[in-house]
1. Given a 1.4 angstrom probe, I'd like the percentage of the accessible area of the chain that is carbon and sulfur, rounded to a whole number.
2. Dipole magnitude of the chain about its Cα centre, charges +1 at Lys/Arg Cβ and -1 at Asp/Glu Cβ only, in debye to the nearest 20?
3. Between the helical axis of 3-16 and the dominant principal axis of the chain, each derived from Cα atoms, what acute angle in degrees is found, rounded to the nearest 10?
4. Name the residue from Val21, Cys34, Ala55 whose Cα lies farthest towards the positive end of the charge dipole of the chain, charges +1 on Cβ of Lys and Arg and -1 on Cβ of Asp and Glu.
5. Run through all the Cα pairs of the chain and give the fraction in each 5 Å bin from 0, expressed as whole percent.
6. Compute the length gained on full extension between Ala11 and Ser79: take 0.36 nm times their separation in residues and subtract their Cα-Cα distance, giving the result in nm to one decimal.
7. Sort 16-24, 45-53 by the packing proxy (mean of other Cβ within 10 Å over each peptide's residues), most packed first.
Amino acid sequence: MDADQARRVDALLRQSGIPGVVAPENPSDPAGACRVYDKADPATRHDVTADAPAAVAAEFPDPKPASGSTRGFVVPPKSE
């Protein structure tokens, strides 16, 4: 993920209370691609980027569709 995406993911993780640290893959290149790690320390951290979407999905489950009728319009096709 790029720097802008990393800022948004970091904010979402912090706001949701989901553990994880967004940091550059290469610590010597802070402008490079970023990942989600379990710790900030580059020597001991583990990549948990694949787990982050599942944690977010668990925090914000899809809303259940409303039961009952739904209002709307039906537009019939034009007859030729």
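The values are calculated or read from the model by the stated rules, or taken from the named source; none is laboratory data. All values reported here derive from a predicted model rather than from experimental measurement. As a convention, Cβ positions derive from the backbone with ideal geometry for all residues, glycine included, and neighbour counts pool all protein chains shown. When the accessible area is computed, the model is the full protein with side chains, heavy atoms only, and any ligands, DNA or RNA have been set aside. Shrake-Rupley method; radii C 1.70, N 1.55, O 1.52, S 1.80 Å.
1. Numbers: 3670 of 6540 Å².
Accessible surface attributable to carbon and sulfur in the chain totals 56 percent.
2. Working: 9 positive and 12 negative charges, 91 e Å.
Here the chain has a charge dipole of around 440 debye.
3. Tilt relative to the chain: about 80 degrees.
4. Of the options given, the answer is Ala55.
5. Histogramming the chain at 5 Å steps yields 3, 13, 19, 17, 10, 6, 5, 6, 6, 6, 5, 3, 1, 0, 0 percent.
6. Working: separation 68, 0.36 × 68 = 24.48 nm, distance 5.23 nm.
Gain on extension, Ala11 to Ser79, equals 19.3 nm.
7. Values: 16-24: 16.7, 45-53: 13.3.
By packing density, highest mean first, the sequence is 16-24, 45-53.
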